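Heads up: the structure comes next, in structure tokens.
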Amino acid sequence: MLKRNDVHRPSVIDPDEYRFVSFHSHRGEDVFAAMAEADNFRRDMASTGGKFSTHEHGGSCHVCGNVHAMTLARFHHYPTNSYVEVGETCADKLAGGDAIDFRSFRDKVKSGIEAKAGRAKAQAFLADNGISAAWEVYVSGDGDTRAHEIVSDIVGKLVRYGSISDKQVSFISKLMKQIEDAPAIAAARKAEADAADPVPEGRIAITGEVLTVKVMETRFGLVQKMLVRASAGGYKLWGSVPSSISDDVQAGAEVTFTATLQPSADDAKFGFYSRPSKAEIAA
């Protein structure tokens, strides 16, 4: 039988010398809940400079030596600046009769197990639907585009609720295609911009592709605006849609018109047009 003379043996315990710090578990399934508790414990050790007591106790409970204690409470011992792990019964004694809330830790354990199961189920669901890459977007947190945000939000709902609709699956597929194509599109746009000529000045006849059509509020009221990329030169122009084509113009159309051009002060390959006339949409 182990003969003990340490200060932590049950017969000499003084509860006033102990302070509860955190919970701990030897169960593998408790790992997620135990991680947060371990962080709290490491911070406490850093502040005190204390270490675990090295006394012989014969079990997982450092006080009574119980070998079956799996969920434990960690206490700091002031006089020796050391730490001990104890089971529930001894924890109540060290706390001076005040019950340590082991249930709160078990609730965290349960939530952690459920979260782990939900994550595994979500990952399998995405793989079955051919969109495994969406999981990487969710767990990495990388990317600051709206597509990244929406994918992360939908996958988060899948983790929490266990399912998403067919429409959401289809939407994720489209968004992932956007995310995957984004670098190539950005590179193509940069190459296009690098190859463009500076915007000329003066009254010039323009033929180009309509990239965007927007209705904007101005001091003159609502005005329809469009962004056009010149076919000759590749520079981009922004201005009001000529009234003669305002009912029919849309993105992708080829238009011709004559207007006065003015380069932007910030970008020589972007400019503004004014007083457009002779506007037509190509057949």
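What follows draws every value from the coordinates through simple rules; no lab data is involved. Please read all numbers here as calculations on a predicted model, not as lab measurements. Every residue, glycine as well, gets a Cβ built from its backbone with ideal geometry; the counts of neighbours run over all protein chains shown.
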Exercise for the section: Report relative contact order for the chain in percent, whole number only (criteria: Cα-Cα under 8 Å, sequence separation at least 6). Expected result: 12
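Based only on Cα atoms, what Rg/Rh ratio does region 176-269 have, Rh being taken as Kirkwood's radius?
Details: Rg = 14.7 Å, Rh = 14.6 Å.
Ratio of gyration radius to Kirkwood radius: 1.01.
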Exercise for the section: Sticking with the crude label model, points 7 Å out along Cα→Cβ, report the distance from Asp166 to Asp128 in nm, one decimal please. Expected result: 1.5
Practice task
Report, by chain and number, residues whose modeled amide H sits under 5 Å from the one on Ser264, excluding near sequence neighbours (fewer than 5 apart, same chain).
Solution key: Phe270, Gly271, Phe272
Handout entry: Between 0 and 90°, nearest 10: helix 146-161 axis offset from the chain longest Cα axis
Key = 40
Problem - Label point distance in nm, Asp248-Asn40, each placed 7 Å from Cα along Cα→Cβ - result: 7.2
Exercise for the section: Quick one: Debye curve from the alpha-carbon atoms of region 10-100 only, equal weights, vacuum; give me log10 I(q)/I(0) at q = 0.11, 0.24 Å⁻¹ to two decimals. Expected result: -0.28, -1.36
Problem - Pairs from Lys177/Lys236; Lys177/Lys214; Lys190/Lys214; Lys214/Lys236 whose Cα-Cα separation, in the structure shown, is over 19 Å - result: Lys177/Lys236; Lys177/Lys214; Lys190/Lys214
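Give me the percent relative contact order of region 202-281, please, defined on Cα pairs under 8 angstrom at least 6 residues apart.
Numbers: 178 pairs, mean separation 26.4, N = 80.
Once normalised by length, the contact order is 33 percent.
Using the count of nearby Cβ atoms within 10 Å as a rough guide to exposure, how do His57, His62 rank from fewest to most? Write out the running numbers ahead of the final one.
Working: His57 20, His62 28.
Listed from fewest to most nearby Cβ atoms, that is His57, His62.
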Exercise for the section: Answer with a single label: of (1) 25.9; (2) 22.5; (3) 19.3, which was calculated as mean projected area of the Cα convex hull in nm² from the structure in view? Expected result: (1)
Handout entry: Efficiency of FRET from Cβ geometry, Asp181 and Ser231, R₀ 30 Å, rounded to 0.05
Key = 0.75
